[in-house]
Amino acid sequence: MTLIKSISGIRGTIGGKPGDNLTPVDVVECTAGFGTWMKRRGLSPKVVVGRDGRISGNMVSQLAIQTLIAMGIDVVDTGLSTTPTVEMMVPRLSAGAGIIFTASHNPKEWNALKFLNNQGEFISAQDGEEIIDIIKSGDLNFVNVDDLGHYSKVDDAIGYHISKILEYKFVNIEAIKSADIHVVVDCINSTGAISVPPLLDALGVRYTLINHDDFGNFAHNPEPLPKHLEQLSSTVIRTKAHAGISIDPDVDRLAFVSEDGSMFGEEYTLVAIADYILSKEAGNTVSNLSSTRALSDVTINRGGKYFASAVGEVNVVTAMKNSNAVIGGEGNGGVIVPDLHYGRDALAGIAIFLSLLAEKNMAMSALKATYPVYEIIKDKVDLTASTDVDALYNKLKKEFKAEKLNDVDGLKIDFAEGWVHMRKSNTEPIIRIYAESHDITTAEKLIQKVKVIL
């Protein structure tokens, strides 16, 4: 059982003891810390909230909502929603902040509070540290009965989100409708089941849904890795669909399966979409240090510049703003379209990718073959309370001192034949270890070079 308080918010497993797990006490305490931070910053006393389909979602959201009301802060509740939807609703409603109740790709026993600023973007590392300090100090104050905040609901949030996607200049609705595309969508028994179908209806796409009705009971591990997408792959083949679509529980990550059941690869979601956008608009791109080199390759090929950031959406967004990037994201299937908003958005990714597929008029497996070939391995090592992560990094630095090293975020080792990146997760008690090369055998050898030392 786990509780993680970090600059990314509060995340943990439901049940257990306060301070060790995500309990009602921790939810109230952390929400109050966030509310106090808002007041100190002089932000509008209004928070937009929304949640994914987790079993614990209603409980966690109600605890947080009532805490904000007790602090004199108004709450606008989008109910069952998506992370990018809530992000877009914060500025639309002129709110001072937002909270999304989701543990993203984590299994069903997890939940989390993700904090947004008044732009609908994830709070900065500095803001996160300030909130953590407030929580630790216990300096929390609540209002008297005459000053309680007000609660309201909004029912058109997803519809508004979709309408903005349909207006995006590189979504080719006419081409998609003419292509008569059929897709299979794995909704993971969460809010993709209420957000993806209306988008596909508007685009004129035929679809088959799987895992779309037993909300909260995830049909498989939500992380879109090949071993978790076997049902999607087999359904694509059985229904002779053009593509399979996998989203995570809060609909900000996106992975595709090709028409032959093969993995298009979550790393190539951003690569394909970026190449499509760069073919229409010159510009720069950004992804994090753990993402494929293929994005750099296609960016340079299109005449743009590629920039790498530390892992974490807020870091990618900062780098995108600094480089005036036209598209960016993360290799975990996260696509950020700045013309819409600075947040990972699977719904936007679906619409843009289907535009690409329709305009190319080719099978997905053939489309994949047009991009640079890299193979990436995503592994991890469990952490204990006594693990000295810095000591591990220093040991690796000494061992591989002859290679190109980057310690901006964990430790990345660039070998001639590929790279290995290790970093402590902000969302789980693990060290993530990623390796990439032009073939899977070499990538495996590179990752074993590191793991044997660890």
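The values are calculated or read from the model by the stated rules, or taken from the named source; none is laboratory data. These numbers were taken from a predicted model, which means no experiment stands behind them. Please note: Cβ atoms are built from the backbone with ideal geometry, for glycine as well, and neighbour counts cover all protein chains shown.
The table below gives the values:
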item	result
Residue pairs meeting the criteria (Cβ under 6 Å; at least 6 apart or on separate chains; first over 10 Å from S355 (Cβ atoms) and outside the structural domain of I100 (by TED's automatic domain parsing), in region 167-195; second among the acidic types (D, E) and surrounded by fewer than 20 Cβ atoms within 10 Å (Cβ to Cβ))	N189/D214
Complete set of residues in region 375-390 that are under 22 Å from the mean Cα position of the chain (by Cα) and under 28 Å from T318 (Cα atoms)	E375, I376, I377, K378, D379, K380
Sole residue being touching a strand residue (DSSP E or B) at 6+ places or on another chain (Cβ under 6 Å), closer than 30 Å to A241 by Cα and crowded, with 21+ Cβ neighbours inside 10 Å, chosen from G418, G349	G349
Restricting region 433-444 to residues that are crowded, with 19+ Cβ neighbours inside 10 Å and touching a residue at least 60 places away in the same chain (Cβ under 8 Å), the residue that is nearest to V408 (Cα to Cα)	Y434
Leading residue by the ranking (nearest to D252 (Cα to Cα)) among those in region 334-349 that are under 14 Å from the mean Cα position of the chain (by Cα) and among the hydrophobic types (A, V, I, L, M, F, W, C)	A346
Only listed residue being touching a Pro at 6+ places or on another chain (Cβ under 7 Å) and surrounded by fewer than 20 Cβ atoms within 10 Å (Cβ to Cβ), chosen from L405, L383	L383
Residues that are in a loop (DSSP other than H, G, I, E, B) and either at pLDDT 95 or above or more than 12 Å from S6 (Cα to Cα) (or both), drawn from region 124-146	G138, D139, L140, N141, F142, V143, N144
Selection status of R11, buried (at least 22 other Cβ atoms within 10 Å of the Cβ), outside the structural domain of H212 (by TED's automatic domain parsing), in contact with an Asp or Glu (Cβ under 9 Å, 6 or more places away or on another chain) and within 29 Å of A310 (Cβ to Cβ)	yes
Only one of L354, L295, L367 that is among the hydrophobic types (A, V, I, L, M, F, W, C), more than 23 Å from the chain's Cα centre (by Cα) and crowded, with 19+ Cβ neighbours inside 10 Å	L367
Out of V90, V25, V60, sole residue that is of a type outside the set (D, E, K, R), free of Cβ contacts under 8 Å to residues at least 12 places away in the same chain and part of a helix (DSSP H, G or I)	V25
Criterion violated by N426 - all others in (1) under 24 Å from the mean Cα position of the chain (by Cα); (2) closer than 19 Å to T292 by Cα satisfied	(2)
Evaluation of N189 against (1) in a loop (DSSP other than H, G, I, E, B); (2) more than 20 Å from the chain's Cα centre (by Cα); (3) crowded, with 22+ Cβ neighbours inside 10 Å (one fails), failing number	(2)
Candidates I55, I65 - the one that is farther than 24 Å from G312 by Cα, in a loop (DSSP other than H, G, I, E, B) and of a type in the set (A, V, I, L, M)	I55
Residue satisfying condition, being surrounded by fewer than 16 Cβ atoms within 10 Å (Cβ to Cβ) and not aliphatic (A, V, I, L, M), within set N284, N322, N315, N332	N322
Matching residues, region 176-186, being outside any loop (DSSP other than H, G, I, E, B) and either of a type in the set (S, T, N, Q) or surrounded by fewer than 18 Cβ atoms within 10 Å (Cβ to Cβ) (or both)	K177, S178, H182
Checking K240 against (1) on the phi > 0 side of the Ramachandran plot; (2) of a type in the set (K, R); (3) in contact with a strand residue (DSSP E or B) (Cβ under 7 Å, 6 or more places away or on another chain), the condition it does not meet	(3)
In region 364-421, the residues that are closer than 25 Å to A272 by Cβ, part of a helix (DSSP H, G or I) and without any contact (Cβ under 8 Å) to a residue 24 or more places away in the chain	A366
Condition broken by P107, with the remaining ones in (1) buried (at least 16 other Cβ atoms within 10 Å of the Cβ); (2) under 18 Å from the mean Cα position of the chain (by Cα); (3) not β-branched (V, I, T) satisfied	(1)
Residue check for S262: closer than 30 Å to I55 by Cβ and not hydrophobic (A, V, I, L, M, F, W, C)	no
Residue within region 427-436 that is outside the structural domain of S309 (by TED's automatic domain parsing), within 30 Å of V184 (Cβ to Cβ) and in a loop (DSSP other than H, G, I, E, B) present	yes
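Let's see how each residue does on (1) under 15 Å from the mean Cα position of the chain (by Cα); (2) crowded, with 24+ Cβ neighbours inside 10 Å; (3) within 14 Å of N211 (Cβ to Cβ):
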{"position": "I245", "(1), (2), (3)": "no, yes, yes"}
{"position": "P249", "(1), (2), (3)": "yes, yes, yes"}
{"position": "G261", "(1), (2), (3)": "no, no, no"}
{"position": "E266", "(1), (2), (3)": "yes, yes, no"}
{"position": "T269", "(1), (2), (3)": "yes, yes, no"}
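For every residue, the table says whether it meets (1) within 30 Å of G53 (Cα to Cα); (2) free of Cβ contacts under 8 Å to residues at least 24 places away in the same chain.
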{"residue": "P226", "(1), (2)": "yes, no"}
{"residue": "E230", "(1), (2)": "yes, yes"}
{"residue": "S233", "(1), (2)": "yes, no"}
{"residue": "T285", "(1), (2)": "no, no"}
